[in-house]
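Nothing in this text is a laboratory measurement; each read-out follows from the coordinates by a stated rule. This is a predicted model, so every value here is computed, not measured. Heads up, the Cβs are rebuilt from the backbone with ideal geometry, glycines too, and the neighbour counts pull from every protein chain shown.
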Amino acid sequence: MADTNRIALVTGANKGIGLEIARQLGKAGVVAIIGARDPGRGSAAAATLTSEGMPAEFVQLDVTDPVSITAAADEIAARHGRLDILVNNAGIVDERDGPPSSGSPEAARRILETNFIGALSVTQAMLPLLRRSPAGRIVNLSSSLGSLTLNGDPTSTYYAARLIGYNASKAALNMLTVQLSEELRDTAIVVNSVSPGYVKTDLTGHGGWLTPEEGARLPVQYALLGEDAVSGQFVEAGGPTPW
């Protein structure tokens with residue numbers, strides 16, 4: 001692949017919204033690196049995009065495994081020398097999650113380990129490569145469920161969705177966006193939290209309102225922000241989301 005192309009890593013991209021984000025980035029001429037735990041599924045996803053005429057690759061990446069993360073960063077460095085876009089998409093839910101009075105602490109720990117610690121770990125590992133980009137972009141796939149404002153608003157659609165582990169993991173991810181954006185404000189890297197909406201994927205039990213194609217559009221838009229890019233935002237399709 002020509003190094004003149006932008007290089008993007010999308011975590012958890014072998015299916016669902018992650019795969020669609022990679023597809024739409026590929027359509028924009030970006031080399032989309034499919035990050036996935038399972039080599040078979042990840043390679044198959046990359047092959048699918050390649051067969052559709054898009055520049056796609058696979059790298060084995062388990063966001064909960066530090067050795068895997070380091071190896072992925074080393075591999076991307078060896079292939080391309082830099083990274084232009086990081087989409088922290090990998091995320092899980094757990095059926096044992098629930099309200100604070102009854103949700104499983106073990107489930108909350110597992111969710112936080114993937115959705116927040118995993119994103120933090122991958123971001124730290126990829127930052128040296130993003131610093132080599134003329135315009136680095138980090139997109140954290142958040143959720144309106146991570147909004148403290150909406151969680152505390154009885155009129156909000158999300159008020160009754162009391163999932164202490166999942167909601168806390170997205171609130172923590174938003175904190176990563178806020179603090180990292182401030183830390184990098186004098187660099188060419190911008191960081192934003194993007195809520196794709198309620199998307200029909202395995203994560204939601206295919207009970208969402210949006211298709212993966214529709215849900216991927218806003219994350220891709222923020223991954224491709226130009227010179228006038230904003231940083232430190234929390235947004236959804238309808239506009240800014242309150243923290």
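Distance between the C-alpha centers of region 7-29 and region 124-160? Whole Å please. One Cα centre to the other: 17 Å. For the chain, what is the Kirkwood hydrodynamic radius in Å, using each pair of distinct C-alpha atoms? One over the average 1/r among Cα pairs gives 17.7 Å for the chain. Taking label positions 7 Å along the Cα-Cβ direction at both THR64 and ASP186, the computed distance is 3.9 nm, reported to one decimal. Placing unit charges on the Cβ atoms of the charged side chains and taking the dipole of region 7-237 about its Cα centre, the candidate lying farthest along the positive direction among GLY103, GLY152, ALA72 is ALA72. Only helical runs count toward this figure. For the chain, summing -39,500 (n - 2.57) over DSSP H runs of n ≥ 4 and dividing by all residues gives -12500 deg cm²/dmol at 222 nm.
What you get for region 100-165, charging only the Cβ of Lys and Arg (+1) and of Asp and Glu (-1), is a dipole of about 300 debye around the Cα centre. Can you work out the FRET efficiency for the pair THR4 and ARG109, with r the C-beta to C-beta distance and R0 = 30 Å, to the nearest 0.05? Calculated value: 0.10.
State to the nearest 20 debye the size of the charge dipole of region 35-170 about its Cα centre, where the only charges are +1 on K and R beta carbons and -1 on D and E beta carbons. Dipole about the Cα centre, nearest 20: 320 debye.
Annotation: amide H-H contacts under 5 Å for PHE58 (H modelled 1.01 Å from N, sequence separation of 5 or more, or interchain): ILE34.
Of the residues MET175, THR11, THR123, the one whose Cα sits farthest towards the positive end of the charge dipole of region 7-237 is THR11 (charges of +1 on Lys and Arg Cβ, -1 on Asp and Glu Cβ, taken about the Cα centre).
Taking amide H as placed 1.01 Å from N in the peptide plane, the amide H of ILE189 sits under 5 Å from that of GLY136, each at least 5 places away or on another chain. Amide H contacts under 5 Å for ASP97: SER104, restricted to partners 5 or more places along the chain or on a different chain, H placed in the peptide plane at 1.01 Å from N. Under a model in which nothing but the beta-carbon of Lys, Arg (+1) and Asp, Glu (-1) is charged, the chain shows a dipole of about 100 debye around its Cα centre. What the Cβ-Cβ distance of ARG96 and GLU227 gives, at R0 = 45 Å and to the nearest 0.05, is a FRET efficiency of 0.50.
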